[in-house]
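Structure first, commentary second.
The values are calculated or read from the model by the stated rules, or taken from the named source; none is laboratory data. In this text the structure is predicted, and so the values were computed from the model without any measurement. Don't worry about glycine lacking a Cβ; one is built from the backbone with ideal geometry, like all the others, and counts go over all protein chains shown.
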Amino acid sequence: MAGLDEALAAADALDRCLAAGLLRPRPDQATDLAGLARAVAGSPLAARVAEAAEKAAAGTAGEDHFLALAAARTALLGAAHDALAARADEFTGRTRTDDTPPGTGDPQQVNLLAAARTWLADLARAGWRGIDHDLVGGAAQVVSAMLPQPELRRLATLLDGFAAELAASCPGSALERIPARRWGDLWARALLLTRPAATGRPAATGRPAAGTATGRLLPLGVDLHEHATAAQAQVHAVFEPDDGTAPLLVRASVSVPKPDTVVAAGVWQLLRPHLSLLAALGEGRSMHLDAMPLTAEGDLVWDDDRARPGDPADPFATARVALPTATAAPTAPLDRHPARLAEPVFLEGYTTRRDGDTLVLTTAGDDLAVDTDRIPVAGPLTPEAVEASGACIGLLRWDAGAFRLHPLAVETTVRRKTVALHAGAWAGGTTDKAGVKAEKAATEAVTVLRERAGRLLRK
């Protein structure tokens, strides 16, 4: 794809500079900074980035200069996102709206935002190789002051997680490998969130609802993310408005903290009480929404009081009939990044084969690697089931320089009968032996933790 490799290479150049630090730049860092400036030379950022690159190469960059470098990096990855999204739209035949999400005018907490920028600038000067606990710990006071204020909580959460990740890697001089792209992403995003102009909405705020959704919601599948202390379920669905307008691709998400002892199907037990949509998904039902808040980016701000179970709805019927006509929502400027791509797709009539450890799906003459590592153990879907399948609902993602398929559900043949296996089949509960065992273990773990917490509070 023309220009894609060059855009990613320019972003990588800044990441190399951040790894080494910009307090005393070396000649090779000056070369990398000049390359970043050339990459955006034809954009409105050109003059600011050229000045910032010159100052950074001399070791005299200020906060505004680091902000310009972060903006250049974000713009390059945003351009890469747009090119890849256009390629995905060609593959799916999908159209998307191009309205820019609206901004709002809430007041900013200037001093706290300035303190956050100062800490992020200090990180850039020290570099990932130069971080230590004293430097990383400087974020704690800023985060503590931000968290009680809802309009700053988005940035506070990002800074808190970023600082914790850096702290776990201190001292930077001892690191064998630096996650340069990831830390560059977090640094640039946090820095831009300290400025209101970065997204067309106030810095650090959550996304406001752009309207409401009244109509039928048809779930396609659920993308489950699980970490040691947190879990998130994101349901992808097609929304059919009652007013007869075109169907939309939407998402509904829920995130919860979790003990590290709750694993596998037990995770659903923590998520289920916060999102009734999970039960509907597990039961194969649609839901009717009544004035459910909906952001301009297609995210439902879920409220159980505004949803009720509907008629049975087969996700594969939805994928075959409704998905091809659904319109995708635009992506917020700050969220335009190749890693954010997750386009719902439906494939059938393909063949599968193994290429070493990689499962490859061939459709219409094109090969598509299957990201089997993303299939959660908290459901009946397995890599073997995907390999034996004839139809698949999944998410088209971009990873390691290529599009990959993340399966959400497949149709396969078992004892001469076509059966559907869903990653979220156990979301609403299960009678499967493995699922029941995991849920029981989760119940016991949560009960023990609650008892211990109660004893500590009483003391």
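Tabulated data
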{"read-out": "Search result, residues across the range 59-70 that are in a helix (DSSP H, G or I) and under 16 Å from ASP32 (Cα atoms)", "value": "HIS65, PHE66, ALA68, LEU69, ALA70"}
{"read-out": "Subset of the range 330-364 (residues that are closer than 22 Å to VAL222 by Cβ, touching a strand residue (DSSP E or B) at 6+ places or on another chain (Cβ under 7 Å) and in contact (Cβ under 8 Å) with a residue 40 or more places away in the chain)", "value": "LEU341, ALA342, GLU343, PRO344, VAL345, PHE346, LEU347, GLU348, LEU361"}
{"read-out": "Helices (runs of 4 or more DSSP H) completely within the range 1-58 that count 3 or more residues being within 21 Å of ASP122 (Cβ to Cβ), under 29 Å from the mean Cα position of the chain (by Cα) and not assigned by TED's automatic domain parsing to the domain that holds ASP399", "value": "4-20, 27-39"}
{"read-out": "Selection count, the range 303-321, where residues are surrounded by fewer than 19 Cβ atoms within 10 Å (Cβ to Cβ) and of a type outside the set (D, E, K, R)", "value": "5"}
{"read-out": "So GLY390, is it part of a loop (DSSP other than H, G, I, E, B), surrounded by fewer than 24 Cβ atoms within 10 Å (Cβ to Cβ) and not assigned by TED's automatic domain parsing to the domain that holds LEU224", "value": "no"}
{"read-out": "Helices (runs of 4 or more DSSP H) enclosed by the range 216-331 - at least 3 residues per element that are touching a Gly at 6+ places or on another chain (Cβ under 6 Å) and closer than 23 Å to ASP432 by Cα", "value": "277-283"}
{"read-out": "Selection count, the range 128-141, where residues are assigned to a loop (DSSP other than H, G, I, E, B) and crowded, with 20+ Cβ neighbours inside 10 Å", "value": "1"}
{"read-out": "The one condition in (1) surrounded by fewer than 18 Cβ atoms within 10 Å (Cβ to Cβ); (2) more than 30 Å from LEU275 (Cα to Cα) that VAL448 fails to fulfil", "value": "(2)"}
{"read-out": "Lone qualifier among ASP64, ASP28 - being within 26 Å of LEU113 (Cα to Cα), out of contact with any helix residue (DSSP H, G or I) (no Cβ under 6 Å at 6 or more places or on another chain) and of a type outside the set (Val, Ile, Thr)", "value": "ASP64"}
{"read-out": "Output for the range 241-268, where each listed residue is crowded, with 19+ Cβ neighbours inside 10 Å, more than 20 Å from the chain's Cα centre (by Cα) and at pLDDT 85 or above", "value": "PRO247"}
{"read-out": "Top-ranked residue of the range 332-377 - restricted to ones that are aliphatic (A, V, I, L, M) and outside any strand (DSSP E or B), ranked as nearest to ALA190 (Cα to Cα)", "value": "LEU334"}
{"read-out": "Matching option when the condition is more than 18 Å from ARG336 (Cα to Cα), aliphatic (A, V, I, L, M) and in contact (Cβ under 8 Å) with a residue 24 or more places away in the chain, among ALA46, ALA30", "value": "ALA30"}
{"read-out": "Test: residue in the range 219-226 that is surrounded by 15 or more Cβ atoms within 10 Å (Cβ to Cβ) and without any contact (Cβ under 8 Å) to a residue 60 or more places away in the chain", "value": "no"}
{"read-out": "Residues of the range 142-156 that turn out to be in a helix (DSSP H, G or I) and either in contact with a Leu (Cβ under 9 Å, 6 or more places away or on another chain) or closer than 15 Å to ASP122 by Cα (or both), as a count", "value": "9"}
